Structures are given as C-alpha cells and as structure tokens.
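Every number in this text was worked out from the coordinates using simple rules, so none of it is lab data. Owing to the predicted nature of the structure, the values given are computational and were not obtained by experimental measurement. Virtual Cβ from ideal backbone geometry, glycine too; neighbours counted across all protein chains shown.
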Amino acid sequence: MHMQIAIISDTHLKKNLGQLDYLAAELQNIALLIHAGDYGAAWVLTYLKNHFVFMGVWGNNDDDTIKTTLPEKMLLEVGTYKIGVCHGHGVGKTALERAYETFIHDSVDIIIFGHSHQPIMSTKKKVLMLNPGSLTSKRKERWFSYILLTIDPNGLQANLIMKEATPPPH
C-alpha cells in the first residue's frame, strides 16, 4: 500500500476567487486530503468535498454550518498508522501541546493540527506532530505551506511544501 495524503489547515477563505483551484490541479493524484480546521466559509468545505477524498475537523473560527457538519476531533487509520486530527485551539499552552493532550489516551502515531499558522514537523514522545501552516493565510510566516504525507509499507515521508506566494486567481 502506497498512499499520499495532503494536509492543509487555516485557509480562512471567505470568497471563492480561485485560491484552491491550483491546489486541486497540483494534488489531483492524492488519495486523501485532510483539513485541520478554520476553513473560512462553508464553500471551502463543499469545494474540498467535490475535488478530493476529504476528511476534516472544525476550527475555532468556523461557523455553525461547518461545526455541525464536521467533528472537533477525529481518529483514522491509514495502513498500520493511527492518526489523530484536531485544530489545536484552546486556552494556555501551545497548539502543539494542546493537540498532543487531545489524543493522550488514544495511542496515536501521528497528530495533525493547525491553529498557529506555523508549519511544524516534529515528534513528541514518539508521536509525529504535523502542522501544515496555511496555504492561504500565512500571517507572520514567510511562506504559504501545506504538507504531503506519504505512507507505504516501509514507513512515512512527510514533506513540507512552501510557496513564496499564493497563486493568483484564474
């Protein structure tokens, strides 16, 4: 089994000006797209569902339409790996620490989270912690970013994809 997963978060898109079209073209061969919350508007969720095999959770800035459609956290298994997905928002501590604590009793191998808009690929107590940053709302970061996670029988490969600018609308 060889599976490629795109991981995005914190899109914060209000109007559809074509910002996701390049992503759909660039990632047309992925097996799954995971969004870790803060979509911006319900059209983003609809777009992702129409263009990808999609899974996602809601973030603290999402509206009730998204919050009633998606869970706050989710667990999934890909191959032999158990993956936890949450947004990472909350009070106190860092988004990474909050995300880790969200799945402390779930024996996960990988935790995907967002919220901070800062890309992170690290480990915490034998758990791979992945935050893709944001491909449309980089805030103080230099690059727009997302993660490509490849899972195969030999293990994992996580690649942080960084873009100097968000592509112009078509």
List the residue pairs whose Cβ atoms are under 8 Å apart, where the first residue sits in the range 1-30 and is closer than 20 Å to HIS115 by Cα, the second is of a type in the set (Asp, Glu) and surrounded by 14 or more Cβ atoms within 10 Å (Cβ to Cβ), and the two are 6 or more positions apart or on different chains. SER9/ASP38; ASP10/ASP38; THR11/ASP38; HIS12/ASP38
Heads up, the strands (runs of 3 or more DSSP E) in the range 59-112 (entirely inside) with at least 3 residues that are under 18 Å from ASP10 (Cα atoms) are 81-86
Selection count where residues are under 15 Å from HIS115 (Cβ atoms) and either surrounded by fewer than 20 Cβ atoms within 10 Å (Cβ to Cβ) or not hydroxyl-bearing (Ser, Thr, Tyr) (or both), scope the range 71-102: 19
Run MET121 past the list (1) in a loop (DSSP other than H, G, I, E, B); (2) of a type outside the set (Gly, Ala, Ser); (3) loosely packed, with under 15 Cβ neighbours inside 10 Å; (4) on the phi < 0 side of the Ramachandran plot and report the number of the one that doesn't hold. (1)
Selection over the range 25-51 where residues are in a loop (DSSP other than H, G, I, E, B) and buried (at least 16 other Cβ atoms within 10 Å of the Cβ) yields a count of 8
Odd one out for ASN61 among (1) of a type in the set (S, T, N, Q); (2) exposed (fewer than 15 other Cβ atoms within 10 Å of the Cβ); (3) in contact (Cβ under 8 Å) with a residue 40 or more places away in the chain: (2)
As an exercise: evaluate GLN28 against (1) in contact with a Phe, Trp or Tyr (Cβ under 7 Å, 6 or more places away or on another chain); (2) under 22 Å from MET162 (Cα atoms) and give the number of the one condition it does not meet. (1)
Out of everything in the range 1-24 that is assigned to a loop (DSSP other than H, G, I, E, B) and polar (S, T, N, Q), what residue ends up being nearest to the chain's Cα centre (by Cα)? SER9
